[in-house]
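Asker: So that we are looking at the same thing, I have put the structure below in structure tokens.
The values are calculated or read from the model by the stated rules, or taken from the named source; none is laboratory data. Since the model is a prediction, treat every value here as computed from it, not as a measurement. For neighbour counting, all protein chains shown are included, and Cβ atoms are generated from backbone atoms with ideal geometry for every residue, glycine included. For the accessible areas, the whole protein counts, side chains as well, though only heavy atoms, and no ligand, DNA or RNA atoms are used. Shrake-Rupley method; radii C 1.70, N 1.55, O 1.52, S 1.80 Å.
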Amino acid sequence: MSGFFTTRRLLLLLAVLLSLTAAVYSFIWGYYIRSLPQGAIGVVFQAPSQGSRQLELVRVAPGSPAASAGLLPGDRVVAIDGRPLDTIEPWVDLVVRAKPNSTVLFTVERGSQGRFQRTVTTPVLPPELIHPTVAQLVIMNSLLSYPLFFLGVGMAVLWFRPLDRNAWLLAFLFTGFIALSPWVNPETEPLVPLAIRRFALTFGFVFRGLLPALFYFFFAVFPVRSPLDRRIPWLKYILLGSAALIELPLAWSIAATGSMATTFATAEHVRRWFDPTLVTTAYFIGPLLLGLVSLAWNSLHAPTGEAKRKTRVLAMGMAAGLIPLIAMTFYLVHSQRQPSPLSTPFYVWVLSVAGLTLVPLSFAYAVVKHRVMEIPVLLKRSARYLLVRRGFALFITLASIGAAWAFVRFFFQFFPWLRATGSSAVVSVGMAGAGVGGLIAVGTSRIQEGVRHRLDRAFFRGQYDARQILEELPERIRAVQNTTQLARLLQEQITKALSPSALILYVEVADGLLETAADDIPSELHQLAAEHPLLKEIARRGRPVDVPAPASALFEPFSMLAALQPECIIPLPARDGRLVGAIVIGPRLSEEPYSGEDKRLLSSVANQAGVAIESIRLAEKMAQQLIAERRTAYESEMARQVQARLLPQRAPVMQTLDYAGICIQARAVGGDYYDFLDLGTGRIALVLADVSGKGMPAALLMAGLQATMRTHCTAGLDDLATMMRQINKLLYESTAPQHFVTLFIAEYDDASRRLQFVNCGHNPPILLRRGGTVQRLCATACVLGAFPQWECTVEEVTMDAGDTIALFTDGVTEAANQEGEEFGEERLIAVLCEHRCQSAARVLEATTRVVQGFGGSDQADDLTLIVARAVELGAVTPGGK
């Protein structure tokens, strides 16, 4: 544990250092991007060393004023307007600070040509940079603050999760975006002090160069590994390593010289062998596009619906933010122009920079709203009050002041004669501007209240981690043996999660009667009838219900619970929807309302608890019957009824899959089990299992297996292989050595028609293709519960319309006639082919009839069969039992 804290402190320290470094760079960038001259004649030069008295041109940009004047790489400038270059000052005074559209006389030496002169005309700046309108001025100053968005989001995520690799990747990625826009060109470098220049140029060069590789690396593994990364896992390391090998030597040179001239000299040198423009394009554009492809691929084919939802939010923000920038970069690189407002029209680069701000904003929205990074919102009420209630008010105030300032500037820019009319006119315009700002502040007061309310609900939940509860609860429910333990578990978990002022848990103690163990409530509320109109309505809704304030007219139906001071009531439903419990919770100690996220968490917990209570109640009924006087007869009948209820009572309707199942037991109870598990978002799991042995031991093991499967699937079927390993571990630890289970489970996706399956030593299901070919879904793992170390492989097939799959136990194929001949798979395939065009229920009925007719009245083993047909969209007949 001490090592954990040491590592965390070290990483937090590194996070603070990275944040401070990026903040210092952002300040330097913001200051010099505003103060340095924008004009440039298009050259890169080596500054004169002591005693050299010349500037050696390293690069001349095509189409630049220098190129138009006839200057070439390798030329040596020895004087400017007659002033010798003993120092860099003549360049700064006569070129950098020259007025637009003025001429500068260069005295140049070029190899054998000797010394000659060339006249260079300084570029004309766009009108928006010389005399910007109010709108252009506001836009430019707003966009020049874009690094703050990346700095705030990236570093906040890193501080919350310093031990998370993805948080560090995101922080480095956003630092690369901060360094993306250059803040100085090679001609204005001398205006920046050497110490600042060394730091800022090195920092910007390194992170700007690593940005494409970091972008692909991050979205190849986040929020889940993309299909591209699963196919080419080494690509991200190759890109990052190659970038580092190229960047570090050049960065060392930049840090030593404080100039970018070395990098341009290197580019001119390698131009002898290949075009660096193509390499630059491939490196910068390629990984960005690969990252967007990985993100889009995950948004469509992520392994879970939750991952798809998270990824789509990021995909839309990244696409909107980066596509304009990629297009502009592609244009600038191939035209060999420098990225600046002089290279492209005003609104083109404005659109690119504005789009870039969508990247951190979309990520911030995804983090807070969709829990992309699983960051718990742990801001206390004081921070909440400061950031939301005072922060938004401060924003409105600043906006009002800005509007007043823009109003005054507008008048004096377009009506300059007002200044000459005297101080009274100036004061009048100032008062009018103040009035405009005041009107904006007053007019936005209602909007401010609405936005503040939305921010409260969207950004500030209680101090809990929903995923931790959802992951821990199924594990703990397995160890629960009675409702008392379950009640204690729920009390502890919900109190830890939401900190309610009061929590009363009602659990079914008899059919139609709910009871609580709480002793500090009125005696008349210790027991409630499930048939009470209020509880029936809550059970019908099946989700948490907010209780109106006692002063409200809507409180009347809840008046019987007034002594409990309820704020929310959560039903605990059984599998068939009846009420087996309820949770009544009071207001939170933090005085915050229960958010939508809170209620979704409570609903998920309540559904799992309801299943557990029902299973406990069924187990208790079975135990009671085992010790009853007429134990043998009544036990068999009761167990048969219980087991029948454990089988699917209703089947979720799918859009492209028609399915039905049946289980005919050879005895009153048996060890065969099938299930249809609704996974939500158009997904269903088909499960068929055969427990070793017969009679009551097999039935009990089957019941435990069924409860475990449903508990796991209720918590979310995200990783089929991991779930099956957990089930094998549970069965191995809780069953005798001679007991094991063969099982086939398949997850079907309505949208893609994909069938992902694991076959744990079970009879291979038969997949009859529409064209008549037969495919067997063979074993991908050994039987469950037999070995402590157990692994499986998840296979996948696609079912086209007209394909039929049959899942069966050995009671079907091993059904024997009087001569001892088994029914066999060939007869089963023949029956499926004969009835293949009929509904799943008809195929199931026909197959069952033929098997029973073949085996006669003496059924030796349980007969369990599932038939599923892929159909055209909208042609589904609901499945039967």
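Asker: Multiply the residue separation of ARG165 and LEU245 by 0.36 nm, subtract the distance between their alpha-carbon atoms, and state the gained length in nm to one decimal.
Answerer: Extending this stretch completely gives an extra 26.6 nm.
Asker: Moving on. Can you put SER501, SER692 in order of accessible area, largest first, using a 1.4 Å probe?
Answerer: Correct descending sequence by accessible area is SER501, SER692.
Asker: Hey, rough spin-label estimate for GLN481 and ARG645, points 7 angstrom out along Cα→Cβ, what's it come to in nanometres?
Answerer: In this crude label model, GLN481 to ARG645 measures out at 2.3 nm.
Asker: Could you give the length gained on full extension between ASP858 and GLU733, defined as 0.36 nm per residue of separation minus the Cα-Cα distance, in nm?
Answerer: Separation in residues times 0.36 nm, less the Cα-Cα distance, equals 41.4 nm.
Asker: Rounded to the nearest percent, how much of the accessible area of the range 484-568 (1.4 Å probe, protein heavy atoms only) is carbon and sulfur?
Answerer: Answer for the range 484-568: carbon and sulfur cover 52 percent of the accessible area.
Asker: Just list whichever of LYS536/LYS621; LYS496/LYS536; LYS621/LYS729; LYS621/LYS694; LYS536/LYS694; LYS496/LYS694 have alpha carbons separated by over 32 Å in the model shown.
Answerer: Violating the 32 Å limit, Cα to Cα: LYS536/LYS694; LYS496/LYS694.
Asker: Sticking with this structure for a sec: Separation of the range 710-742 and the range 175-216 by C-alpha centroid, Å?
Answerer: The distance from the Cα centre of the range 710-742 to that of the range 175-216 comes to 54 Å.
Asker: For ALA255 and LYS496, what does the FRET efficiency come to when R0 = 60 Å and r is the distance between their Cβ atoms, rounded to the nearest 0.05?
Answerer: Rounded to the nearest 0.05, the efficiency is 0.75.
Asker: If you take every residue apart from PHE740 with its C-beta less than 15 Å away from the C-beta of PHE740, what net charge results, scoring Lys and Arg +1 and Asp and Glu -1?
Answerer: Taking every Cβ under 15 Å from that of PHE740, the sum is -2.
Asker: Give me the accessible area of THR714, 1.4 Å probe, in Å² rounded to the nearest 10.
Answerer: Approximately 60 Å² of THR714 is accessible to the 1.4 Å probe.
Asker: Once neighbouring chains are kept in place and the probe is 1.4 Å, which whole percent of the accessible area of the range 725-881 is contributed by carbon and sulfur?
Answerer: Carbon and sulfur together cover 49 percent of it.
Asker: What number comes out for accessible area per residue over the range 12-106 if the probe is 1.4 Å? Units Å², please.
Answerer: 47 Å²
Asker: Follow-up. Sorted by mean Cβ packing within 10 Å, highest first, what order do the peptides 483-489, 655-661 take?
Answerer: Result, highest mean Cβ count within 10 Å first: 655-661, 483-489.
Asker: What does the extension gain come out to for VAL774 and ILE33, with contour length at 0.36 nm per residue minus their alpha carbon separation? Write down the numbers at each step before the final one.
Answerer: Details: separation 741, 0.36 × 741 = 266.76 nm, distance 6.92 nm.
Extra length from VAL774 to ILE33 when fully extended: 259.8 nm.
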